[in-house]
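Each remark here refers to the structure printed beneath this line.
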Amino acid sequence: MKITVKSENGDEKIADLYSPEGMKLVTELWLKSSFHHRLMYEPTWLGVPIIQYPSDMVMLQELIWKLRPDVIIETGVAHGGSAVFYASILELLGKGKVIGVDIDIRKYNDLVIKSHPISRRIELIEGNSINPDVIRVIRNRVRTKGEVLVVLDSCHSFEHVFSELKIYSEFISPGGYIVVMDGVQKLLFDTPSGKKEWQHDNPLAAIKKFLAERPGWEEDPYYIRTQITCNPSGFLRRSEDV
């Protein structure tokens, strides 16, 4: 069975549906259509909207279980579902806390998070994730801690993500990870709900530049093996040899 995809400029891609190329085309089409229909807004975790695809959260669960971090820093809190998700995995591990940073923590979301049964493992900081004062507070929180995992999910512009990568990579010990969310933005620029500037201004561009300048870091494709992901090239591992 063949699959044919025609781009806006009229170019056609044809592949066997059951080939790796066919799988890639189907996956890209699903991501485009599901984004347009806002399917990532459907899942909740323990009652709180999470704004993620289930496949990505399963992969993050695998990583958390493997690393058993003492602190998970999340930039970009939104409704708080992902912070609750991370905290619930830490609860099963019997240790750790989530530090959630957001430039605007809305009152209702703040109330939902702080009143949640898992809230004792979550600390919220309101402010820009690259603001020196915010970084100073975070540094004081993790100074005496062990393993740190960072998830970048705030502003998805090239400049902001690149700045976050430079700053938060300092918190990662050899063998640790930074997860950069929503690199799929590059793929979605030409969807009805997309923005043309996403073709060049996206987290993938920031990842590429960061890896080129930091030889001690590498992409780990294991955590995007389901292919249904918003985070292509997004799982970055610090080499244990650094």
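Only one residue in Val84, Val58 is surrounded by 22 or more Cβ atoms within 10 Å (Cβ to Cβ) and either of a type in the set (A, V, I, L, M, F, W, C) or in a strand (DSSP E or B) (or both), so which one is that? Explain how you work it out, then say what you get.
Working: Val58 fails: surrounded by 22 or more Cβ atoms within 10 Å (Cβ to Cβ).
Unique residue meeting the criteria: Val84.
Residues in segment 36-43: is at least one touching a strand residue (DSSP E or B) at 6+ places or on another chain (Cβ under 8 Å), of a type outside the set (Lys, Arg) and crowded, with 19+ Cβ neighbours inside 10 Å?
Our first condition is that a residue be touching a strand residue (DSSP E or B) at 6+ places or on another chain (Cβ under 8 Å); within segment 36-43, this holds for 41, 43.
Still in the list and also of a type outside the set (Lys, Arg): 41, 43.
Still in the running and crowded, with 19+ Cβ neighbours inside 10 Å: none.
No, that holds for no residue.
Of the conditions (1) of a type in the set (Asp, Glu); (2) in the same structural domain as Ile228 (by TED's automatic domain parsing); (3) in contact with a strand residue (DSSP E or B) (Cβ under 9 Å, 6 or more places away or on another chain), Glu62 satisfies every one except a single condition; which number is it?
(3)
Within segment 127-138, can you find the residues that are outside any loop (DSSP other than H, G, I, E, B) and over 19 Å from Ala83 (Cα atoms)? Even if it seems obvious, please write down each step before you answer.
Let us first name the residues in segment 127-138 that are outside any loop (DSSP other than H, G, I, E, B), namely 132-138.
Matches in segment 127-138: Pro132, Asp133, Arg136.
May I ask you to list the residues in segment 151-187 that are in contact with a Leu (Cβ under 7 Å, 6 or more places away or on another chain) and either over 17 Å from Leu236 (Cα atoms) or of a type in the set (Asp, Glu) (or both)?
Glu164, Lys186, Leu187, listed by residue number.
Are any residues in segment 144-187 under 26 Å from Lys32 (Cβ atoms), part of a loop (DSSP other than H, G, I, E, B) and of a type in the set (S, T, N, Q), and if so, which ones?
Ser154, Ser157
Considering only residues that are basic (Lys, Arg) and in contact with a helix residue (DSSP H, G or I) (Cβ under 8 Å, 6 or more places away or on another chain), look in segment 186-224 and name the one that is farthest from Phe162 (Cα to Cα).
Start the filter on segment 186-224 by keeping residues that are basic (Lys, Arg), which leaves 186, 195-196, 208-209, 214.
Remaining after also requiring in contact with a helix residue (DSSP H, G or I) (Cβ under 8 Å, 6 or more places away or on another chain): 186, 209, 214.
Details: Lys186: 15, Lys209: 8, Arg214: 12 Å.
Filtering segment 186-224 for residues that are basic (Lys, Arg) and in contact with a helix residue (DSSP H, G or I) (Cβ under 8 Å, 6 or more places away or on another chain), the one farthest from Phe162 (Cα to Cα) comes out as Lys186.
Any residue in segment 127-142 that's in contact (Cβ under 8 Å) with a residue 12 or more places away in the chain: show its pairings with residues that are outside any loop (DSSP other than H, G, I, E, B) and polar (S, T, N, Q) at Cβ separation under 7 Å, as long as the two are six or more apart or on different chains.
As it stands, the answer is Ser129/Thr75; Ile130/Ser163, since those pairs meet every condition given.
Give just the number: which of (1) assigned by TED's automatic domain parsing to the domain that holds Phe189; (2) touching a helix residue (DSSP H, G or I) at 6+ places or on another chain (Cβ under 8 Å); (3) in a helix (DSSP H, G or I); (4) aliphatic (A, V, I, L, M) does Leu31 not satisfy?
So the condition that Leu31 fails would be (1).
Check Leu25 against each of (1) modelled with pLDDT of 95 or more; (2) hydrophobic (A, V, I, L, M, F, W, C); (3) part of a helix (DSSP H, G or I); (4) surrounded by 16 or more Cβ atoms within 10 Å (Cβ to Cβ) and name the one condition it does not meet.
The number of the failed condition is (1).
Among the listed residues Ser193, Ser163, Ser173, Ser233, identify the single one that is closer than 27 Å to Asn140 by Cα and touching a residue at least 40 places away in the same chain (Cβ under 8 Å).
On the way: Ser193 fails: closer than 27 Å to Asn140 by Cα; Ser163 fails: touching a residue at least 40 places away in the same chain (Cβ under 8 Å); Ser233 fails: closer than 27 Å to Asn140 by Cα.
Residue meeting the stated conditions: Ser173.
Among the residues of segment 77-98, which ones are under 15 Å from the mean Cα position of the chain (by Cα) and either under 21 Å from Arg139 (Cβ atoms) or among the acidic types (Asp, Glu) (or both)?
Val77, Ala83, Tyr86, Val98
The values are calculated or read from the model by the stated rules, or taken from the named source; none is laboratory data. Since we're looking at a predicted model, the values are computed, not measured. Because the Cβ atoms are built from the backbone with ideal geometry, glycine has one as well, and the counts that use them run over all protein chains shown.
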